[in-house]
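The values are calculated or read from the model by the stated rules, or taken from the named source; none is laboratory data. Predicted model only: the values in this text are computed from it and were never measured. In this analysis, Cβ positions are derived from the backbone assuming ideal geometry, glycine residues included, and neighbour counts consider all displayed protein chains. These accessible areas exclude ligands, DNA and RNA; they are computed on the full protein's heavy atoms, side chains included. Shrake-Rupley method; radii C 1.70, N 1.55, O 1.52, S 1.80 Å.
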Amino acid sequence: MDRIFIKTYGCTLNASDSEVIAGILKEAGFELVGTEEEAELVIVNTCIVKGPTESKVLDYLAQLKKAGKKTIVAGCMPQALPEKILGYSMIGTEQLTRIVEVVEETLNNNTVVLIAREKNPRLNLPKIRRNRIIEIIPICSGCLGNCSYCIVKRARGELISYDKNAIVEQAQKAVMQGAKEIWLTAQDTGCYGKDIGESLSSLLKALIAIPGNYKIRLGMINPDFVKEYLEDLIKIFSSDRMFKFMHMPVQSGSDEILASMNRRYSASDFVSTVKRLKSEIPSITISTDIICGYPGETDQQFLETVNLLQESRPSIVNISRFWKRPYTKAARLKQLPVEQVKSRSRRLSSLFEWIAFENSKSWIGWEGKVVIDEVGKPGTGTWIGRNFAYKQVVLQGDYRIGQELMVKVTKATAHDLRAIPA
Ligand code: SF4
């Protein structure tokens, strides 16, 4: 049978889509291989969230073309920017179950474009996990937002929530198969169920009732939904089956900029929510995203973002420079000079390094359980474990994926903790 290589760019949802594509193809008898060279056909699961990512994807496609590789483009580029990849076979984010058809036609030198938005089954499909102990479950696709800078909306569209029982069934199966981490993913997990009379709270309550030794990592959730579900989330997060981890993208500390971004919360909403979470759930890891240099951002508004970080002191901040994306409102606004955007992003990064290191230092001396879920950086002889707060704990020595052990934290850096077996 033909050999296929899958190249994945982008977010956890894309990673989950690639796992399903691999599972369906394997079941159909295709061989999945680890390099482009070995493959008769390459599936490129694309991301277009930022300009540089889009360029990287297009460069990679050009390389494959030069190498004469049969190629299928999947992911967000076929959905949002098909004009950039005319002539390629394309499969949309709602068409994963028809991947075999697209592969067979493309291997026969036919070009197939399958990007219609349809409510096709998305859960409990064949899959090959990237990491055998991590089960990624998309709970919905699309979102209820309309953020002025975001091209993902054009790619993933309006909210489609998946059936609660199907999500629970997939989680149960995964736990029985030995998964130790359940990652719930979506563009915005907070809007789950709004289109089907369900809610994120009711879903989480059903999931933590599943017996077994695992922890759930809640994916990206917008601050307005955290505020809406706050009391429920505080109760749900007290369960041992929830990682004490919350990824809540704030994007800016200025209410004027948030309004221009069409975000539905204020800077003080974010700060007070973080403070409440930290007081009710000790050691919770707060992760957030900031867009630096949004069009029109004044020095004062930038300082408001600096103040927000100093007040909320998140442990993880993904700082992005603003990139104008096609078909977005923000692309039509007057852009700031590139140098100004770069300098603000540098200033924010160094501030964040300091805050993160201060946060990490408080973990020195901590003793407790971690689960090894990753091999460390190549050549370092290290492994990565995760504790109850989804902290990255680096261990020297020989371990295995899924191993549980007691450790003691001896050192901290801005981005991880260093530990020894206790
Ligand atoms: S919530 Fe906003 S930023 Fe997130 S995917 Fe939807 S439109 Fe984009």
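Overview of results
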{"read-out": "Matching residues, the range 376-422, being assigned to a loop (DSSP other than H, G, I, E, B) and of a type in the set (K, R)", "value": "K377, K391, R400"}
{"read-out": "Some residue of the range 272-283 being under 23 Å from the mean Cα position of the chain (by Cα) and under 19 Å from S320 (Cα atoms)", "value": "no"}
{"read-out": "Selection within the range 382-403 - more than 19 Å from E135 (Cα to Cα) and touching a strand residue (DSSP E or B) at 6+ places or on another chain (Cβ under 6 Å)", "value": "T382, W383, V393, V394, L395, Q396, Y399"}
{"read-out": "Restricting the range 258-290 to residues that are touching a Pro at 6+ places or on another chain (Cβ under 9 Å) and hydrophobic (A, V, I, L, M, F, W, C), the residue that is nearest to S350 (Cα to Cα)", "value": "I290"}
{"read-out": "Selected residue (criterion: most open to solvent (accessible area, probe 1.4 Å)) from residues of the range 363-422 that are among the hydroxyl-bearing types (S, T, Y) and over 26 Å from R241 (Cβ atoms)", "value": "T410"}
{"read-out": "Unique match (being part of a helix (DSSP H, G or I), in contact (Cβ under 8 Å) with a residue 40 or more places away in the chain and open to solvent by 20 Å² or more (accessible area, probe 1.4 Å)) among F357, F352", "value": "F357"}
{"read-out": "Strands (runs of 3 or more DSSP E) enclosed by the range 199-310 - at least 2 residues per element that are open to solvent by 10 Å² or more (accessible area, probe 1.4 Å), of a type in the set (S, T, Y) and within 16 Å of the ligand (Cβ to nearest atom)", "value": "none"}
{"read-out": "Residue within the range 11-20 that is farther than 18 Å from L107 by Cβ, open to solvent by 10 Å² or more (accessible area, probe 1.4 Å) and without any contact (Cβ under 8 Å) to a residue 60 or more places away in the chain present", "value": "no"}
{"read-out": "Elements of type helices (runs of 4 or more DSSP H) contained in the range 50-149, each with 2 or more residues being assigned by TED's automatic domain parsing to the domain that holds M261", "value": "none"}
{"read-out": "Those residues of the range 132-164 which are more than 14 Å from the ligand (Cβ to nearest atom), open to solvent by 30 Å² or more (accessible area, probe 1.4 Å) and in contact with an Asp or Glu (Cβ under 8 Å, 6 or more places away or on another chain), in sequence order", "value": "K164"}
{"read-out": "Residue match in the range 34-43 (condition: of a type in the set (D, E) and assigned to a strand (DSSP E or B))", "value": "no"}
